[in-house]
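The values are calculated or read from the model by the stated rules, or taken from the named source; none is laboratory data. What you are looking at is a predicted structure, and each value in this text was computed from that prediction instead of being measured. Positions of Cβ are generated from backbone atoms using ideal geometry, with glycine treated the same way; all protein chains shown enter the neighbour counts. Just so you know, the surface numbers come from the protein's heavy atoms only, side chains and all, with ligands and any DNA or RNA stripped out. Shrake-Rupley method; radii C 1.70, N 1.55, O 1.52, S 1.80 Å.
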Amino acid sequence: MEMKVVRLLAIVATLLALPCQAIGEPLRIATILGAPWGFIGSDGQPTGMMYEIGNRIAEVAGLRYTNSLVPYPRTAADIENGIADVTIRFGNDQMTRGAVPVDVIVSMPIILVGPSGKNYSKLSELHGKTVGVVRTSKYVEQFDSDNAIQKYPVNDYVTMAKMLAMRRLDAGIGSSLGLFYGAYMAGVKPEEIGVPLVLGSNDFILFVSKKTAQPETTRALKEAVKKLSASGEIRQIMSKYSKSFSVNLPPR
């Protein structure tokens, strides 16, 4: 009898030590819908760089989870409203209001690129011109705050790349990997776009919703990110989505 009680207490102690989502509701991950972050693969199943990274973070943290692909603007809305618990994306004003940053997943160069034959050396050359941006994105301050540049919102980098190739935009802006993978997915050849101008960098951050964040879960997620970064697994996942193309970025 005493042995049964000891075993029961041991089980209870183990459960109490787990993050709350492991014994309750699954962690709800919202992944950006758009290549290379999250998309439906040729096998009809969801895949993508941030989709895979989000899954691995939850797994290493010992959490049950679901992972949904949603449009970029909705990732922020779902986090702010508590419909989702976690997302990986750039920050903006809505994320500041509704989310707690857990850790930086990766920092990426922010580039501006025109169609072939249109190479830019400074932002002022874009004054009065139209630049494609992914809806609600914030990139770098000098671009975001430049009201002399007309920003044209698009849903994703695939759309942006197609519009560049068709010369419907004077330029497009985005993370280097996102923009070039979007071009790859769109079937746009390297010679159809110009030489990129590097504007700076921005961080993909793991955010948790202020409405649902719990200390135990947040600590487990942060520890998982550190383990995956230290082991090189995050970089390994990223490399899967960059080996299909090659681009040499000029110095800033």
- Residue tally, condition of a type outside the set (Lys, Arg), modelled with pLDDT of 95 or more and either open to solvent by 20 Å² or more (accessible area, probe 1.4 Å) or not in a strand (DSSP E or B) (or both), over the range 11-32: 1
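Answer yes or no: is there a residue in the range 73-88 that is charged (D, E, K, R), open to solvent by less than 30 Å² (accessible area, probe 1.4 Å) and either without any contact (Cβ under 8 Å) to a residue 40 or more places away in the chain or assigned to a helix (DSSP H, G or I) (or both).
The answer is yes, given that some residue of the range 73-88 is charged (D, E, K, R), open to solvent by less than 30 Å² (accessible area, probe 1.4 Å) and either without any contact (Cβ under 8 Å) to a residue 40 or more places away in the chain or assigned to a helix (DSSP H, G or I) (or both).
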- Please find, among 195, 158, 140, the residue that is open to solvent by less than 20 Å² (accessible area, probe 1.4 Å) and among the hydrophobic types (A, V, I, L, M, F, W, C). 140
- Test for residue 56: is it over 13 Å from the mean Cα position of the chain (by Cα), under 30 Å from residue 183 (Cα atoms) and at pLDDT 65 or above: yes
- Task: Collect the residues in the range 43-58 that are open to solvent by 40 Å² or more (accessible area, probe 1.4 Å) and either free of Cβ contacts under 8 Å to residues at least 40 places away in the same chain or touching a Cys at 6+ places or on another chain (Cβ under 8 Å) (or both), keeping them in residue-number order.
- Result: 43, 44, 45, 46
- Item | Index of the failed condition, residue 216 passing every other in (1) among the charged types (D, E, K, R); (2) open to solvent by 80 Å² or more (accessible area, probe 1.4 Å); (3) in a strand (DSSP E or B) | (3)
- Item | Qualifying positions in the range 161-176 - open to solvent by 20 Å² or more (accessible area, probe 1.4 Å) and in contact (Cβ under 8 Å) with a residue 60 or more places away in the chain | none
- Task: Output yes when any residue across the range 66-83 is farther than 25 Å from residue 165 by Cβ, among the β-branched types (Val, Ile, Thr) and in contact with a helix residue (DSSP H, G or I) (Cβ under 7 Å, 6 or more places away or on another chain), and no when none is.
- Result: yes
